[in-house]
Protein chains: 2
Amino acid sequence: MSTAQGARARARIEVTAAIKDEARRQLAAQGAARLSLRAVARELGMVSSALYRYFPSRDDLLTALIIDAYDSLGESAEAAHDASAPPFERWISVCEAVRGWALDHPHEYALIYGSPVPGYTAPDTTVPAAARVGLLLIGIARDAHQGPAPGRPAMADDLRPEAERMAADLAPDLPPEVVTALVAAWAQLYGLVGFELFGQFNRVVEDRETFFRHAVGQLARGAGLASGPR
Amino acid sequence: MSTAQGARARARIEVTAAIKDEARRQLAAQGAARLSLRAVARELGMVSSALYRYFPSRDDLLTALIIDAYDSLGESAEAAHDASAPPFERWISVCEAVRGWALDHPHEYALIYGSPVPGYTAPDTTVPAAARVGLLLIGIARDAHQGPAPGRPAMADDLRPEAERMAADLAPDLPPEVVTALVAAWAQLYGLVGFELFGQFNRVVEDRETFFRHAVGQLARGAGLASGPR
DNA sequence: CACAAAAGAGAGCACTGCTCTTGCGCGGGC
DNA sequence: GCCCGCGCAAGAGCAGTGCTCTCTTTTGTG
């Protein structure tokens with residue numbers, strides 16, 4: 001073995017990466033449904049059947065791209081995360097990073113948060129990568145609730161069991177009310193981003209950046225990340 | 001002319017409807033990307049090229065299905081709308097109707113609110129049908145703000161121009177703060193529905209109905225539809 | 001009744017994902 | 001250092017797709 005696991009394995013890794021790169025290029029250019037194994041192979045100067053040695057099916061290639069997309073998004077969000085800023089500002093920054101990433105990578109965003117490619121169900125492999133943004137938001141909320149808990153209204157009785165279950169799963173150190181609001185805010189964040197990205201805001205919202213910043217600010221308040229008067 | 005516009009036109013309408021019905025069946029069964037013109041034609045006992053006399057392309061068929069889906073969703077939402085109930089309850093009912101329709105028609109929901117079918121951009125034809133749910137929500141908010149306006153916090157200065165523009169466009173009789181919150185709530189509603197439908201809540205939210213009712217209740221409060229203590 | 005317009009049939013093109021068989025060449029055990 | 005075997009690529013081929021073109025049949029109407 002020359003280097004770790006020999007030269008053959010290295011070549012394999014390189015070819016695999018080249019395939020993913022070219023696939024990502026096509027994905028960004030035309031979207032997931034138009035991603036064609038044959039076109040990728042053609043562009044790489046190989047014959048289509050050779051590509052199946054690296055990805056047993058188109059879905060497997062897509063899965064690899066999905067994981068990469070989750071990671072890329074998670075990285076952007078984490079990079080936007082200045083741990084020294086107050087929680088409210090950090091929340092806004094992370095949300096804006098998510099929006100920015102989505103606008104920069106619309107087809108990749110559609111791949112992971114739009115309708116799943118029909119006939120395709122993401123394997124559990126994607127779970128850890130998918131959780132990164134959520135964990136980041138939870139972390140911010142945790143910091144915000146370090147000190148004495150700000151007064152929060154009571155919760156409806158019928159929600160309490162589910163809220164406590166979610167809190168136990170996601171953040172046992174946070175009050176169930178906060179965890180509930182956090183999960184809702186998480187989903188709603190993607191509603192805002194998706195509507196903008198998929199054209200639902202056309203002819204409705206013009207100054208989308210301002211609108212977005214305001215809306216995610218409200219989400220933060222809903223999750224108990226207090227701030228000055230709106 | 002035997003009947004209005006002749007029998008030929010009637011036959012055309014019937015065949016068009018039959019094509020859409022079969023297409024909708026395939027859509028519901030397998031999703032948009034697997035919808036095949038040839039399969040539809042086969043099922044209908046016609047040859048594929050004949051189908052192009054009715055829909056010039058696959059995208060045109062999809063557009064027809066999209067409009068129908070918007071209308072079906074709008075109808076469900078309007079049917080759930082008991083005009084005599086107080087606004088807050090009406091809001092909840094409409095939101096639950098949207099969620100229910102989405103769970104009943106996942107692929108159609110994905111078609112209209114998921115990632116747009118790549119390479120496809122919806123023509124303006126779809127706009128009126130798409131607006132139905134939004135108009136319904138605006139109407140509810142209007143009723144809620146009939147009486148003396150409940151106290152609402154001030155709005156950030158940078159949002160004011162956009163808020164006033166949106167209000168002028170969508171509901172000149174409503175305060176800009178409310179219109180802004182309404183638009184945000186509208187987008188966030190679909191974030192909640194989409195996350196549940198597309199599996200993002202798997203292993204996170206269990207009692208989704210309760211969670212949803214609570215979350216849209218918060219949205220309503222954000223839009224100034226006051227109600228009892230949460 | 002005749003004729004033109006509308007609809008259907010069928011072949012064909014270029015493309016897709018995927019499989020199978022064949023042959024080449026390089027890596028690694030001897 | 002040699003040579004074998006395995007990893008890999010190549011190519012043909014299958015079944016399917018959207019869409020176009022031409023030709024024939026049907027049918028409503030002047």
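Taken together, the values in this text are just the output of simple stated rules run on the coordinates, not laboratory data. Because the structure is a prediction, the values reported are computed rather than measured. Ideal geometry is used to build each Cβ from the backbone, glycine not excepted, and the neighbour counts take in all protein chains shown.
Close contacts from segment A:200-214, counting a first residue that is more than 7 Å from chain B (Cβ to nearest Cβ) and a second that is in a helix (DSSP H, G or I) and of a type in the set (Asp, Glu), with Cβ to Cβ under 6 Å and a gap of 6+ residues or different chains, come to A:208/A:196.
Of the helices (runs of 4 or more DSSP H) lying entirely inside segment B:1-94, the ones with 2 or more residues being among the hydroxyl-bearing types (Ser, Thr, Tyr), more than 13 Å from DNA strand C (Cβ to nearest atom) and closer than 22 Å to residue B:110 by Cα are found at B:58-79.
Being closer than 23 Å to residue A:198 by Cα and more than 16 Å from DNA strand D (Cβ to nearest atom), is that true of even one residue in segment A:8-25? Within segment A:8-25 (the criterion being closer than 23 Å to residue A:198 by Cα and more than 16 Å from DNA strand D (Cβ to nearest atom)), the answer is yes, since at least one residue qualifies. Might you let me know whether segment B:55-70 holds any residue that is within 14 Å of chain A (Cβ to nearest Cβ) and more than 16 Å from DNA strand D (Cβ to nearest atom)? Scanning segment B:55-70, I find at least one residue that is within 14 Å of chain A (Cβ to nearest Cβ) and more than 16 Å from DNA strand D (Cβ to nearest atom), so the answer is yes. Looking only at residues of segment A:30-41 that are more than 10 Å from DNA strand D (Cβ to nearest atom) and free of Cβ contacts under 8 Å to residues at least 60 places away in the same chain, we find that the one that is nearest to residue A:69 (Cα to Cα) is A:35.
Identify, by number, the condition in (1) under 19 Å from residue A:126 (Cβ atoms); (2) surrounded by 14 or more Cβ atoms within 10 Å (Cβ to Cβ); (3) of a type in the set (S, T, N, Q) that residue A:30 doesn't meet. Against the list (1) under 19 Å from residue A:126 (Cβ atoms); (2) surrounded by 14 or more Cβ atoms within 10 Å (Cβ to Cβ); (3) of a type in the set (S, T, N, Q), residue A:30 comes up short only on (1).
Taken together, A:129, A:223, A:144, A:163 contain a single residue that is surrounded by fewer than 22 Cβ atoms within 10 Å (Cβ to Cβ) and aliphatic (A, V, I, L, M), which is A:129.
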